[in-house]
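The values are calculated or read from the model by the stated rules, or taken from the named source; none is laboratory data. Note that the coordinates shown come from a computational prediction; the quantities given were computed from them, not determined experimentally. Neighbour counts run over all protein chains shown; Cβ positions are idealised from the backbone, glycine included. Only protein heavy atoms, including side chains, enter the accessible area calculation; ligands, DNA and RNA are left aside. Shrake-Rupley method; radii C 1.70, N 1.55, O 1.52, S 1.80 Å.
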Amino acid sequence: MSTAPALDVVALECWLRQNLAGFRGPCQLQQFSGGQSNPTYRLSTPERDYVLRRKPSGELLKGAHAIEREFAVISALGRVGFPVPAALVMCEDSGVVGTPFYVMEFVDGRIFWDARLETLPVVDRAAYFDAMNATIARLHSLDPAAIGLAEFGRPGNYFARQIARWSRQYQQDEQAGRDEWLDRLIDWLPQNIPPRDETTLVHGDFRCDNLVFHPIEPHVIAVLDWELSTLGHPLADFTYHAMMYRVPPTIVTGLAGADLAALGLPSERQYVAAYCARTGRDGIPNYEFYIAYNLFRFAAILHGIRGRLARGTASSANAEQAASNVGLFARLAWQQVERGAG
């Protein structure tokens with residue numbers, strides 16, 4: 001964590017006393033250092049801790065940093081017992097801390113920043129992978145309409161819409177520059193979308209470092225960072241998570257080239273099979289397309305961070321390092337295209 005930038009704590013406390021049941025000040029803010037998009041803070045009071053997420057300051061791309069959607073989705077999921085922090089209160093008034101924000105429960109548990117889980121005994125690690133697998137499979141089994149999220153996105157044509165969205169954001173962000181591999185992918189991906197279409201609720205950034213585990217048991221007790229959630233294709237969501245097997249260990253959550261058996265972790269094939277068993281699938285045809293798409297999408301996200309750096313609105317101290325990996329992920333994406341063609 002780091003010391004929070006200058007937010008008006010007096011104004012924040014005043015607003016929370018009026019709008020958050022049970023709030024008692026005074027409060028202190030510390031900014032979490034992990035997030036790249038929406039600044040996130042631990043809000044500590046003498047009685048309990050909370051988490052505050054807000055939009056970043058400055059010029060924002062249209063449709064980005066939609067914390068209102070985050071608040072809506074964790075509210076709906078919490079009502080059906082899916083592991084998310086309790087959504088407490090939303091403030092759309094930019095006059096309080098400079099941008100809209102919301103407050104949620106602080107969930108005390110463990111977050112693993114490295115998918116190798118090397119802080120755990122080897123014999124325990126497979127159970128934690130199974131917990132991740134079970135959690136994303138459960139998410140994809142939920143009926144969006146039944147939990148009040150029928151209008152949370154547009155059903156159908158998910159890949160076409162997402163490829164167009166990230167291509168457009170990439171092309172419009174002139175301050176971030178261009179990448180030849182991203183340009184190739186923008187041409188190739190729309191022409192090679194698999195035919196089968198499905199729609200479920202998707203997280204959009206399901207990784208081990210966006211999960212809070214029970215303090216001592218292999219259970220996911222909270223899924224964090226729902227900014228990219230929508231109605232979409234479950235296989236896009238799952239293969240984004242499984243992309244960890246194709247990403248080098250120099251990148252957060254990367255497992256490519258690791259000795260998985262020695263680490264006590266399931267292979268990519270075993271992990272995919274477990275998800276398929278939980279979701280009633282025989283397998284995942286066109287798997288390489290899905291991986292290529294997700295690497296492209298992640299490269300486009302990093303490209304956006306590079307643009308925010310250029311505009312001076314990047315919210316994380318790690319933004320420069322993240323932005324430097326645009327080319328790496330774009331090249332990896334094209335390698336999956338070639339792998340699938342081979």
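Observations
- Within a Gaussian network of the chain (alpha carbon springs, distance under 10 Å), most fluctuating of Ala11, Ala86, Ala322: Ala11
- Within the stretch 187-323: Cβ-based charge dipole about Cα centre, in debye rounded to nearest 20 (Lys, Arg +1; Asp, Glu -1): 180
- Computed lengthening from Asp209 to Arg269, 0.36 nm per intervening residue step minus Cα-Cα distance: 19.4 nm
- Per-residue accessible area (protein heavy atoms, 1.4 Å probe) orders Ile216, Ile193 as Ile216, Ile193, starting from the largest.
- Given a 1.4 Å probe and the protein chains as shown, Asp259 ends up with an accessible area of around 100 Å².
- Over the chain, Cα pairs under 8 Å with separation of 6+ residues give a relative contact order of 19 percent.
- Among Pro121, Val80, His203 - extreme Cα towards positive end, dipole of the chain, charges at beta-carbon: His203
- Computed from backbone phi, the HN-Hα couplings of the stretch 78-91 come to x, 5, 10, x, 6, x, 9, x, 5, 7, 9, 7, 10, 10 Hz, rounded to whole numbers (Karplus: 6.51 cos²θ - 1.76 cosθ + 1.60, θ = phi - 60°; Gly and Pro given as x).
- Within the chain: Cβ-based charge dipole about Cα centre, in debye rounded to nearest 20 (Lys, Arg +1; Asp, Glu -1): 260
- Here Val123 sits with roughly 130 square angstrom of accessible surface, probe radius 1.4 Å.
- Given R0 = 22 Å, the distance between the Cβ atoms of Cys276 and Val80 translates into a calculated FRET efficiency of 0.40.
- Computed on the stretch 266-313, the Cα convex hull volume stands at 102 Å³ per residue.
- When the convex hull of its Cα atoms is viewed from all sides, the stretch 178-316 shows a mean projected area of 10.5 nm².
- Kirkwood radius for the stretch 157-246, taken over all pairs of different Cα atoms as the inverse mean of 1/r, rounds to 15.2 Å.
- Low-density loop cleavage sites - GluC sites (Glu not before Pro) in the stretch 124-184, where at most 10 other Cβ are within 10 Å (DSSP): Glu151
- Based on DSSP H segments of at least four residues, each scored -39500 (n - 2.57), the chain has a per-residue ellipticity at 222 nm of -13000 deg cm²/dmol.
- Per-pair calculated FRET efficiency, R0 = 25 Å: Gln18 and Ser44 via Cβ, rounded to 0.05: 0.80
- Each peptide in 276-283, 129-136 was scored by the mean count of other Cβ atoms within 10 Å over its residues; highest first, the order is 129-136, 276-283.
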